[in-house]
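These notes are about the structure you will find just below.
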Amino acid sequence: MLTKRKRGWEMPESRATPEDAFRRRRELIKGLAAGPILAASGAALLAGAGEAAAAKADADPSAGLYPAGRNERFKLDRPLTDEKMVTTYNNFYEFGSSKNIWRAARDLPIRPWQVRLTGMVEKEQTVDIDTLLKRMPLEERLYRHRCVEAWSMAVPWSGFPMKALVEFARPLASAKYVRMETFMNPAVAGRQRQPWFPWPYVEGLTIEEATNELAFIGTGLYGKPMPKANGAPIRLVTPWKYGFKSVKSLVLFEFTDKKPVSFWETLQGSEYGFWANVNPNVAHPRWSQASERVLGAGDTVPTLIYNGYGEFVAHLYPSDPKERTYFY
Ligand code: MTE
């Protein structure tokens, strides 16, 4: 086996958490902006300390909503991944197929941003993102994040339970699925000009999955608004599923009785199916899923069934957990 465990892996989460650090940094930035003299020295300090990215995030109109209080129910078994890694090693095919798309993603306009709640609902609605953010119960959750490419991170997401959004949308009893769509903006997302991809990026969940307590709508990271490369202003986070289910920069939630066909399923259904639950026992057709590279830690560790979240979600999949259809 190419797996090993390091002692650092067992480090208590409280020792590893940089939350205090980023809270202090936000206070520093706010304080520096308080007066002209301080602001000038603050600008120099920011540049010197390489904090330009943090200052830019603060320009987001929702910045005042963060940091949100942490929901302690969701514990990690590993240190948080370094913020720089999480925000500069991304999959966002609209902007390119390399991991280094964060620069290109900075061009995405995220205000105004409307979210449509449509299909089998009591009344269709279009809601402005800042109105929605004020109505939803924001909190922070520390989740493991496992990509189908066999790497993983540990991420402090901010956002709200997807269940709150489903309740806000008021679906009819006949709705069985939620189908979600990413924006279409080929002028800034260059890949969307390539017609052989089935844009927009689409994903779907069953209503039971969407209202499970783990299903989360991410709106921020590390106590700040969501960076564009990570799916600003609003994305899905389903930590028991491979990362490709966690669709970014959402503009549509459609309630339907038809099983959605996702972007990746359309492209390569034999490798990327609807369920996509993390399972070390079912290999991807081209590589093993038994272990994962923990980015930033230099470790390779065993992958856990449902990414370690079985206590929350295993009951959603009552038949044989080895049944292939639950995984691809
Ligand atoms: N959403 C959109 N719209 N486009 C994408 O290319 N990539 C998916 C998912 N959501 C993707 C997307 C994949 S493959 C993964 S692993 C995660 O986003 C990566 O999220 P991260 O960049 O925040 O780690």
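The values are calculated or read from the model by the stated rules, or taken from the named source; none is laboratory data. This structure is a prediction, so every number in the text was calculated from the model and none was measured. Positions of Cβ are generated from backbone atoms using ideal geometry, with glycine treated the same way; all protein chains shown enter the neighbour counts. To get the accessible areas, we keep the full protein, side chains included, count just its heavy atoms, and leave off ligands, DNA and RNA. Shrake-Rupley method; radii C 1.70, N 1.55, O 1.52, S 1.80 Å.
For beta carbons closer than 8 Å, sequence separation of 6+ or different chains, a first residue in the stretch 193-216 that is of a type in the set (Asp, Glu) and open to solvent by 30 Å² or more (accessible area, probe 1.4 Å) and a second that is away from the ligand (no atom under 13 Å from the Cβ) and part of a helix (DSSP H, G or I), the qualifying pairs are Glu208/Leu316; Glu213/Lys163; Glu213/Phe312. Selection of the stretch 164-198 for residues being over 12 Å from Thr256 (Cα atoms) and among the β-branched types (Val, Ile, Thr) yields Val166, Thr182, Val188.
Here is a check on your reading of the model: is Ala283 in contact with a helix residue (DSSP H, G or I) (Cβ under 7 Å, 6 or more places away or on another chain), free of Cβ contacts under 8 Å to residues at least 12 places away in the same chain and surrounded by fewer than 20 Cβ atoms within 10 Å (Cβ to Cβ)?
Numbers: in contact with a helix residue (DSSP H, G or I) (Cβ under 7 Å, 6 or more places away or on another chain): no; free of Cβ contacts under 8 Å to residues at least 12 places away in the same chain: yes; surrounded by fewer than 20 Cβ atoms within 10 Å (Cβ to Cβ): yes.
So Ala283 fails the test.
Any residue at all in the stretch 109-132 that's among the aromatic types (Phe, Trp, Tyr), at negative phi, more than 12 Å from the ligand (Cβ to nearest atom) and touching a residue at least 24 places away in the same chain (Cβ under 8 Å)?
Step one: of the stretch 109-132, the residues among the aromatic types (Phe, Trp, Tyr) are 113.
Add one more test, that the residue is at negative phi, and what stays is 113.
Next cut, more than 12 Å from the ligand (Cβ to nearest atom) only: 113.
Okay, now just the ones that are also touching a residue at least 24 places away in the same chain (Cβ under 8 Å), so 113.
Scanning the stretch 109-132 turns up at least one residue that is among the aromatic types (Phe, Trp, Tyr), at negative phi, more than 12 Å from the ligand (Cβ to nearest atom) and touching a residue at least 24 places away in the same chain (Cβ under 8 Å).
Being within 13 Å of the ligand (Cβ to nearest atom) and open to solvent by less than 40 Å² (accessible area, probe 1.4 Å) is a property that holds for Thr182.
Mind checking which residues of the stretch 227-251 are of a type in the set (A, V, I, L, M, F, W, C), in contact with a strand residue (DSSP E or B) (Cβ under 7 Å, 6 or more places away or on another chain) and either on the phi > 0 side of the Ramachandran plot or open to solvent by less than 10 Å² (accessible area, probe 1.4 Å) (or both)?
Residues of the stretch 227-251 that are of a type in the set (A, V, I, L, M, F, W, C), as a first pass: 229, 232, 234, 236-237, 240, 244, 247, 250-251.
Now drop any that are not in contact with a strand residue (DSSP E or B) (Cβ under 7 Å, 6 or more places away or on another chain), which leaves 232, 234, 236-237, 240, 247, 250-251.
Once the filter is applied, which keeps residues that are of a type in the set (A, V, I, L, M, F, W, C), in contact with a strand residue (DSSP E or B) (Cβ under 7 Å, 6 or more places away or on another chain) and either on the phi > 0 side of the Ramachandran plot or open to solvent by less than 10 Å² (accessible area, probe 1.4 Å) (or both), the stretch 227-251 yields Ala232, Ile234, Leu236, Val237, Trp240, Val247, Leu250.
Hey, which of the strands (runs of 3 or more DSSP E) in the stretch 185-278, taking only ones fully inside, have at least 2 residues that are within 21 Å of Trp102 (Cα to Cα) and at pLDDT 95 or above? Working first, answer last.
Numbers: elements: 202-206, 216-221, 235-237, 250-256.
Correct list: 216-221, 235-237, 250-256.
Within the stretch 288-299, one or more residues are touching a residue at least 24 places away in the same chain (Cβ under 8 Å), open to solvent by 10 Å² or more (accessible area, probe 1.4 Å), in contact with a helix residue (DSSP H, G or I) (Cβ under 7 Å, 6 or more places away or on another chain) and on the phi > 0 side of the Ramachandran plot.
Checked against (1) under 19 Å from Met136 (Cβ atoms); (2) among the small types (Gly, Ala, Ser); (3) more than 10 Å from the ligand (Cβ to nearest atom), Ser270 passes all but a single condition, namely (1). With the condition kept exactly as written, say whether any residue in the stretch 158-179 is within 12 Å of the ligand (Cβ to nearest atom) and of a type outside the set (S, T, N, Q). Scanning the stretch 158-179, I find no residue that is within 12 Å of the ligand (Cβ to nearest atom) and of a type outside the set (S, T, N, Q), so the answer is no.
Return the only residue of Gly310, Gly269, Gly296 being touching a strand residue (DSSP E or B) at 6+ places or on another chain (Cβ under 9 Å) and not β-branched (Val, Ile, Thr).
Working: Gly310 fails: touching a strand residue (DSSP E or B) at 6+ places or on another chain (Cβ under 9 Å); Gly269 fails: touching a strand residue (DSSP E or B) at 6+ places or on another chain (Cβ under 9 Å).
Among Gly310, Gly269, Gly296, only Gly296 is touching a strand residue (DSSP E or B) at 6+ places or on another chain (Cβ under 9 Å) and not β-branched (Val, Ile, Thr).
The stretch 55-145 holds helices (runs of 4 or more DSSP H) entirely within its bounds, and those carrying 2 or more residues that are open to solvent by less than 40 Å² (accessible area, probe 1.4 Å) and in contact with a Pro (Cβ under 9 Å, 6 or more places away or on another chain) map to 83-88, 129-135. For first residues located in the stretch 84-99 and under 19 Å from Gly296 (Cβ atoms), partners that are among the polar types (S, T, N, Q) and near the ligand (Cβ under 7 Å from one of its atoms) and lie 6+ apart or on another chain with Cβ distances below 8 Å form the pairs Val86/Asn230; Thr87/Asn230; Asn90/Asn230; Lys99/Asn90; Lys99/Asn91.
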